[in-house]
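In what follows, a structure is listed as structure tokens, so that the remarks can point back to it.
The values are calculated or read from the model by the stated rules, or taken from the named source; none is laboratory data. All of these numbers come straight from a predicted model, not from anything done at the bench. Ideal geometry is used to build each Cβ from the backbone, glycine not excepted, and the neighbour counts take in all protein chains shown.
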Amino acid sequence: MAKVLSLDDVNVDGKTVLLRVDINSPLDPATKTFLDVTRIRAILPTLQKMSKAKVILLAHQSRPGLDDFTSTLGHARELGRLLGRQVKWVDDIHGEKAMKAIEALEVGQLLMLNNVRMDEEEVSVKGDMAAMADTQLVQRLASVADMYVNDAFACAHRSTPSIVGFASLLPCVAGELMNNELSKLDQALESPKRPCLAVLGGVKVDDSIEVAENMLRNGIADALWPTGGVANLLLDLAGYDIGEGNRDFLKSQIGTKWPATVRRARELIEDHGNKIHLPVDLAANIEGNRVDLSIDDFPLDAPFHDLGLKSVVHLSTAIKQAGTVILNGPAGVFENNDFALGTVEMLNACAESSAFTVMGGGHTATLVTKRGLAGKMGHVSTGGGACLDYIAGRPLPGVVSLEQSAVAFGIDIKAGPRKA
């Protein structure tokens, strides 16, 4: 369980506060207008709680070299529209223009700095937290602030100056979004209602195997229900020949991590095979047609693009009888309607289940939102890589820095349930 401070533990009234957010949003390629403002809307609770502070927002949009790498001017305007009050913007990050704009701030005002990834230090400096703290970006902004708030859970797995650099220089706390993410994930990982199911799919098979390893070996999950590429790999290693084409596809997706991933997956089957519920059938794409095929009829020289109908029924039933479900990744090539059945029914089962359902970030969160199911889930994460790392048991630099700041500034945090 992460031991971090929240906004409930500090008084920000009248203070100058640096607020790191992740409002990186999809943009229309031609007009650069927002296609989705979910992430911008998600930081509103934090800003409302800081209404009597001077708030300096640090944010990024995309990364250098990509078409949607732009300034944060549009983000400031959209945030102002959602808040119903002005959000000032400055075409600078920590230079003289930024310093003057910060100095002119009054209590209750908001200032958004330009895209933090336009600063060379943010994208190029490597090393530990001390190296991050030593950057001009961090040193200059820390010199004009009283406190740092991290609300960028989706970036918490990245070690960059704006995420981890302030830990030794300012009191650092979690914003409402960050606090809620950690609270809900801790609820599922620390004290799950039983039975707890890990439903893992998609093509990030190496990450999913690490998640499965953490959840099974540490007694978090009572059962693993693999789908997508994860299911294909585990079936192959369990002795069901998925065919060279499917195996080559997995190798290309996993890349250099293939040997380690295969070793870990084999060990999981050997040590926890009784808890792993492999599909009993898969849907193959044969000349553009869906053909459901029993695993006893392998091998087949055709790509597997979904769970078979019997497996979909088995998984849906298990989800509806669960106490906790932690789900990440689609069950197949859902973009093709003929192979969307597994993913659609899996998500519908989660929405209908009385279990506490945690949906991983990234594509999973997007799918849940597009299908209008977000309100029926226990928690839909805003972080793809960060969420995966957290449930895999890997330390998140953004969270570690918050924990270290609490220690550095002499604040004793007692472990216990966090307010969500």
| said: I want to confirm something. Restricting to segment 143-167 and keeping residues that are out of contact with any Ser or Thr (no Cβ under 7 Å at 6 or more places or on another chain) and of a type outside the set (A, V, I, L, M, F, W, C), which single residue is surrounded by the fewest Cβ atoms within 10 Å (Cβ to Cβ)? | reply: S143
| request: May I ask you to list pairs of residues, at least six apart or on different chains, whose Cβ atoms are under 6 Å apart, with the first in segment 302-328 being within 28 Å of S191 (Cα to Cα) and the second being aromatic (F, W, Y)? | output: L315/W225; T324/F356
| request: Check L73 against each of (1) more than 22 Å from Y148 (Cβ to Cβ); (2) touching a Leu at 6+ places or on another chain (Cβ under 8 Å); (3) not basic (K, R) and name the one condition it does not meet. | output: (2)
| Taking the stated definitions as given, is R140 surrounded by fewer than 21 Cβ atoms within 10 Å (Cβ to Cβ) and either within 23 Å of L7 (Cβ to Cβ) or in contact with a His (Cβ under 7 Å, 6 or more places away or on another chain) (or both)? | yes
| Looking only at residues in segment 383-405 that are part of a loop (DSSP other than H, G, I, E, B) and surrounded by 24 or more Cβ atoms within 10 Å (Cβ to Cβ), which one is modelled with the highest pLDDT? | L396
| query | What number of residues within segment 43-69 are among the polar types (S, T, N, Q) and part of a loop (DSSP other than H, G, I, E, B)? | reply | 3
| request: Please enumerate the residues belonging to segment 25-42 that are out of contact with any Gly (no Cβ under 9 Å at 6 or more places or on another chain) and either modelled with pLDDT of 95 or more or not in a loop (DSSP other than H, G, I, E, B) (or both). | output: T38, R39, I40, R41, A42
| For segment 44-67, what are the residues that are surrounded by 15 or more Cβ atoms within 10 Å (Cβ to Cβ) and either within 23 Å of the chain's Cα centre (by Cα) or not assigned by TED's automatic domain parsing to the domain that holds S25 (or both)? | P45, T46, L47, L57, L58, A59, H60, Q61, S62
| Does segment 334-344 contain any residue that is buried (at least 18 other Cβ atoms within 10 Å of the Cβ), modelled with pLDDT of 95 or more and among the acidic types (D, E)? | no
| query | For segment 163-187, which residues satisfy the criterion of being out of contact with any Asp or Glu (no Cβ under 6 Å at 6 or more places or on another chain) and assigned to a helix (DSSP H, G or I)? | reply | I163, V164, E176, N179, N180, E181, L182, S183, K184, L185, D186, Q187
| query | Looking only at segment 88-139, which residues are within 25 Å of the chain's Cα centre (by Cα), modelled with pLDDT of 95 or more, part of a loop (DSSP other than H, G, I, E, B) and not charged (D, E, K, R)? | reply | L113, N114, N115, V125
